[in-house]
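The values are calculated or read from the model by the stated rules, or taken from the named source; none is laboratory data. None of the values given here were measured: they were computed from a predicted structure. For neighbour counting, all protein chains shown are included, and Cβ atoms are generated from backbone atoms with ideal geometry for every residue, glycine included. Each accessible area value is taken on the protein alone, full model and side chains, heavy atoms only, with ligands, DNA and RNA left out. Shrake-Rupley method; radii C 1.70, N 1.55, O 1.52, S 1.80 Å.
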Amino acid sequence: LPLKCYSPELMVVPVYSVDDRDNFVDQMAEQIVPDLERLHCLVIGPGLGRSPWVFAGVARIIRECRERNLLVVMDADALYMLTQPEYHSLLEDCANVILTPNVMEQKRLDAAGAVCNKATIVRKGQVDGIYKGSELVMECHEEVRMVSRRKFFVLRYRLGRLEAFRRHRRRISGTWLA
């Protein structure tokens, strides 16, 4: 199923369609950065791949998001990117990011020394947990999992959407998100 079937309000950008490899990073950033003004949240990771050129372009886009105070949700290969030495400090002192690592991704982040000191971290594992930096905010044991593993794919997008609504104080189903 295409991603847009899960949630039609999502915008998926094919960054691999750049023609000129020599200017790949610039072209990738030029393709995404102008649209950041229209976004409430940017989800990076699923389907990203591990190309060094893509990582460099993504890092540039994340820096732009930080300047604009735009929420970023990172998963999958975007988390792997943070384990690479040149990106360890990309999220240092950045509170405007949600990371969604599974057990192995979290071990890689910890072993690499990636600095995510102010990030919100939704850890998936035998005991799921939500952390703000290293401080535990909420924990869910196996019997009461936050969500099945199949549905976590959609959850990362919903996290971003809910945070965007909370920030903009939009009314949802008769209640205000605070």
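The residue that is modelled with the lowest pLDDT, counting only those in region 39-56 that are under 17 Å from the mean Cα position of the chain (by Cα) and assigned to a helix (DSSP H, G or I), is V54.
The residue pairs whose first member lies in region 87-99 and is open to solvent by 40 Å² or more (accessible area, probe 1.4 Å), whose second member is at pLDDT below 95 and among the basic types (K, R), and whose beta carbons are closer than 9 Å, counting only pairs six or more residues apart or on different chains, are E92/K118; D93/K118; A95/K118; A95/K132.
Inspect all residues belonging to region 78-85 and state whether any of them is in contact with a Pro (Cβ under 8 Å, 6 or more places away or on another chain), at negative phi and in contact (Cβ under 8 Å) with a residue 12 or more places away in the chain. The answer is yes; a qualifying residue exists. Against the conditions (1) out of contact with any strand residue (DSSP E or B) (no Cβ under 6 Å at 6 or more places or on another chain); (2) modelled with pLDDT of 65 or more; (3) open to solvent by less than 60 Å² (accessible area, probe 1.4 Å); (4) closer than 17 Å to C41 by Cα, A119 satisfies every one except (1). Residues that are over 13 Å from the mean Cα position of the chain (by Cα) and closer than 16 Å to G133 by Cβ within region 64-89 comprise H88, S89, listed in sequence order. Could you check, for region 57-68, whether at least one of its residues is in a loop (DSSP other than H, G, I, E, B), modelled with pLDDT of 85 or more and open to solvent by less than 80 Å² (accessible area, probe 1.4 Å)? For region 57-68, residues in a loop (DSSP other than H, G, I, E, B), modelled with pLDDT of 85 or more and open to solvent by less than 80 Å² (accessible area, probe 1.4 Å): absent.
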